[in-house]
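Structure record follows, encoded as structure tokens.
The values are calculated or read from the model by the stated rules, or taken from the named source; none is laboratory data. Everything quoted here is computed from the prediction, not taken from an experiment. Every residue, glycine as well, gets a Cβ built from its backbone with ideal geometry; the counts of neighbours run over all protein chains shown.
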Amino acid sequence: MQFQFHSSIDEINALAWDSLWPTAYPFTRHAFLAALEHSGSIDSPQQQGSGWIPRHLSVTENEELLAVMPLFIKQHSYGEYVFDWSWADAYARNGLDYYPKLVNAIPFTPATGPRIAFHSRLHETAKSAVAEQMLKAIEEFASTHVLSGFHSLFPSAEQHSNFQSRGFALRHGSQFHWFNQNYQNFDQFLETFSSRKRKNVKKERRVAQSHGYTICMQPASDISEEDWHTFYLLYQRTYLKRSGHGGYLGQDFFLQLAHSMPTQVLMASVKDEQELIAGALFFKDEDTLYGRYWGTRIELDQLHFEACYYQGIEYAIANKLKRFDPGAQGEHKIQRGFTPVFTASFHQLFHADFQAAVTHFVQQEFPHTRHYVQECRTSLPFKEGCDQVRADILMPT
């Protein structure tokens, strides 16, 4: 088998790359990673300076692609949503360099999903063996390039064993996701709420609709190029207001995705006649809706909740999607029917003492994370007996 690290996703054939992933999870699609590069959102051979440097790993045998892993050399910890600034500070206090590091992640996308892909002809034992060799190749690469460690962020549960078997430190976080209990419509979903919480949601939706704007979910194919340019400006404006900078994504990112992934991209658009004044961008696969980016020209009461959450829930119900992942953080999601769930990341620092310290840290951190999730569950709006989410989703094994 041959192991190769690539400085651009364009070095790997798009059809071959996409054929390895077992689902249509949008964020590992070749087109998504290519849009990040081509829009200047991350580094490419033509443009550097983002701090996200592609080094995707491919495994071939007799020129056949057997496995791939999205990889990036990182010069900072921005856009990861697993916060390790204190670890970097500890390195600095000891005269050591935490950056650069290597991450197996999707830039700016804290959405759990597959992080390694294998050819379908490989059985489970063979997949484990290939993954083991990939991790060995990564350790050699990291040593050659003087990288402090390797981190896999938000991998799906099926791939946890690949990292646990090599002694990675497992760190749990939490998010808030919505689960479809075979609802026929939004009103049936609301019937699972207590009376007071149900009235609150109905009031929020009435207020959002009372502003007089048209609010609807649109597939990428129905969104004009002008609206995509407007949405980018709204995204920049909103990001600037919240964080003081104009966001991570390049100007052409959204339009490129609309052309390359038209069946997986959609927008909850808010319009004054034909003018886009706000929008929430979503992605989807076979069973999950992902809420990602929001932008608005004017701040209107309840509009954010309507576009980012309620439109998404309605869409998921109408299209029989099982889950809605609206993005990181946000305790305000709980009262709107989003259930706290655990996320995971895996960490291997190549300095033995620091690896031991991080392992101890995540072990001490987990009881607090578990307590937080349990406390959040007590604030869910559901009537007794209506919270039907499986326990194995809520608690890590």
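Selection of the range 244-264 for residues being over 26 Å from G49 (Cα atoms) and touching a Ser or Thr at 6+ places or on another chain (Cβ under 9 Å) yields P262, T263.
Scanning the range 1-34 for residues that are of a type outside the set (G, A, S) and either at pLDDT below 95 or in a loop (DSSP other than H, G, I, E, B) (or both) yields M1, I12, N13, W21, P22, T23, Y25, R29.
The set of residues from the range 237-264 being in contact (Cβ under 8 Å) with a residue 60 or more places away in the chain and either among the charged types (D, E, K, R) or more than 20 Å from S44 (Cβ to Cβ) (or both) comprises R237, D252, Q264. Cβ separations smaller than 7 Å between residues 6+ apart or across chains give the following pairs from the range 309-329 residues that are among the hydrophobic types (A, V, I, L, M, F, W, C) to residues that are in a loop (DSSP other than H, G, I, E, B): A316/N180; I317/N180; I317/Y183; I317/N185; L321/N180; L321/D287; A328/Y81; A328/P110. Of the numbered conditions (1) within 17 Å of A31 (Cβ to Cβ); (2) assigned to a helix (DSSP H, G or I); (3) not hydrophobic (A, V, I, L, M, F, W, C), R292 fails exactly one; give the number of that condition. Unmet condition: (2). T28 meets the conditions (1) crowded, with 20+ Cβ neighbours inside 10 Å; (2) touching a Ser or Thr at 6+ places or on another chain (Cβ under 8 Å); (3) polar (S, T, N, Q) in every case but one. The failed one is (2). On the stretch given as the range 276-319, residues that are among the polar types (S, T, N, Q) and under 15 Å from L234 (Cβ atoms) total 1. Within the range 356-373, one or more residues are part of a helix (DSSP H, G or I) and charged (D, E, K, R).
Of all residues in the range 286-308, those satisfying the criterion of being within 18 Å of N182 (Cα to Cα) and either of a type in the set (A, V, I, L, M) or buried (at least 19 other Cβ atoms within 10 Å of the Cβ) (or both) are T288, L289. Step by step: first the residues of the range 67-107, then only those that are among the hydroxyl-bearing types (S, T, Y) and surrounded by fewer than 17 Cβ atoms within 10 Å (Cβ to Cβ), then the one that is farthest from L249 (Cα to Cα). Which residue is that? By that ranking, first place goes to S86.
Per the listing I53, I106, I42, the residue uniquely touching a residue at least 12 places away in the same chain (Cβ under 8 Å), more than 17 Å from the chain's Cα centre (by Cα) and closer than 26 Å to G246 by Cα is I53.
When we screen Q188, Q175 for residues that are within 29 Å of N319 (Cα to Cα) and not in a helix (DSSP H, G or I), the only hit is Q175.
Residue-wise test of (1) modelled with pLDDT of 95 or more; (2) in a loop (DSSP other than H, G, I, E, B); (3) surrounded by 18 or more Cβ atoms within 10 Å (Cβ to Cβ); (4) in contact with a helix residue (DSSP H, G or I) (Cβ under 8 Å, 6 or more places away or on another chain).
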| position | (1), (2), (3), (4) |
| --- | --- |
| A129 | yes, no, no, no |
| L135 | yes, no, yes, yes |
| E139 | yes, no, no, no |
| S143 | yes, no, no, no |
| L147 | yes, yes, yes, yes |
| H151 | yes, no, yes, no |
| H160 | yes, no, no, no |
| R166 | no, yes, no, yes |
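Answer yes if at least one residue in the range 323-333 is at negative phi, assigned by TED's automatic domain parsing to the domain that holds G167 and either at pLDDT below 95 or assigned to a helix (DSSP H, G or I) (or both), and no otherwise. The answer is no; no qualifying residue exists.
If I filter the range 104-119 for residues that are assigned by TED's automatic domain parsing to the domain that holds A357 and within 22 Å of A357 (Cα to Cα), do I get at least one hit? Yes, that holds for at least one residue.
Filter the range 335-353 for residues that are among the polar types (S, T, N, Q) and within 22 Å of F366 (Cβ to Cβ) and give the result. Within the range 335-353, T339, T343, S345, Q348 qualify.
Taking residues in the range 1-18 that are hydrophobic (A, V, I, L, M, F, W, C), and partners anywhere that are exposed (fewer than 15 other Cβ atoms within 10 Å of the Cβ), the pairs with Cβ atoms closer than 8 Å and at least 6 places apart or on different chains are M1/E61; M1/Q133; F3/Q133. For the range 244-266, the criterion of being part of a helix (DSSP H, G or I) and among the charged types (D, E, K, R) is met by none of the residues. When restricted to residues that are surrounded by fewer than 18 Cβ atoms within 10 Å (Cβ to Cβ) and closer than 15 Å to Q311 by Cα, the range 206-217 contains 5.
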